[in-house]
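The values are calculated or read from the model by the stated rules, or taken from the named source; none is laboratory data. In this text, all values refer to a predicted model and were calculated from it rather than measured experimentally. When we count neighbours, we look across all protein chains shown, and the Cβ atoms used for this are built from the backbone with ideal geometry, even at glycine. Note: accessible area is taken over every heavy atom of the protein model, side chains too, but ligands, DNA and RNA are not part of it. Shrake-Rupley method; radii C 1.70, N 1.55, O 1.52, S 1.80 Å.
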Amino acid sequence: MELSRVIYLAISLLLIYACYTDVKNRIISNKVSLCAMALSLVLMLSHQQWAVLLIAIIVLVVGFLMSIVGVIGAGDVKLACALLPGLTWSEGIDFLLLTGFVGIPVSLFTLLYLKFKGGDKKTSVPYGLAIAGGYGLQFLLR
């Protein structure tokens, strides 16, 4: 098995764990994001497309501004930024778009769950699911 497939498998396992912790506790661990970043940087070295770092920096800056005002969680931003270096420029754009598309049903389901189950109106959306879904779909649609 080639190295990139092993790395994608490891990232997939990290994303499954991130989804679990995000749904259960609404937390994506910094350790998960750091491991995903390390693996993504190895992938970046293999495809040598450094321009995707520009997308990651833009997502980081915009994402943290959005987290300050409470639109998105900082863990979600860090996870998305950690995954971007392992993608090419076009894959990075596809990943962000697909994450947004997957985020729509995740958000709707969360809102419906709150409406019928009751609960705290301030409950957040586990957007790690959308990030993992966008990452997975990006590879399925290649």
Matching residues in the range 29-51 - criterion: being surrounded by fewer than 19 Cβ atoms within 10 Å (Cβ to Cβ) and within 14 Å of residue 74 (Cα to Cα): 29, 30, 31, 34
Inter-residue pairs, beta-carbon under 8 Å, first within 18 Å of residue 57 (Cα to Cα) and part of a helix (DSSP H, G or I) and in the range 93-111, second open to solvent by 70 Å² or more (accessible area, probe 1.4 Å) and of a type in the set (A, V, I, L, M), 6+ apart: 94/141
Only one of 4, 12 that is closer than 16 Å to residue 128 by Cα, open to solvent by 20 Å² or more (accessible area, probe 1.4 Å) and in a helix (DSSP H, G or I): 12
Condition met for residue 133 (out of contact with any Phe, Trp or Tyr (no Cβ under 8 Å at 6 or more places or on another chain) and closer than 16 Å to residue 12 by Cβ): yes
Residue in the range 18-28 that is part of a helix (DSSP H, G or I), over 18 Å from residue 99 (Cβ atoms) and of a type in the set (A, V, I, L, M, F, W, C) present: no
Per-region count, the range 93-115, residues over 15 Å from the mean Cα position of the chain (by Cα) and of a type outside the set (Phe, Trp, Tyr): 7
Close pairs (7 angstrom Cβ cut-off, 6 or more residues apart or separate chains): of a type outside the set (Phe, Trp, Tyr) in the range 43-70, open to solvent by 80 Å² or more (accessible area, probe 1.4 Å) anywhere: 49/89; 51/89; 52/89
Complete set of residues in the range 80-92 that are in a helix (DSSP H, G or I) and over 13 Å from the mean Cα position of the chain (by Cα): 89, 90, 91
Any hit, the range 126-139, residues being open to solvent by 70 Å² or more (accessible area, probe 1.4 Å) and in a helix (DSSP H, G or I): no
Any hit, the range 63-78, residues being closer than 24 Å to residue 9 by Cβ and in contact with a Leu (Cβ under 9 Å, 6 or more places away or on another chain): yes
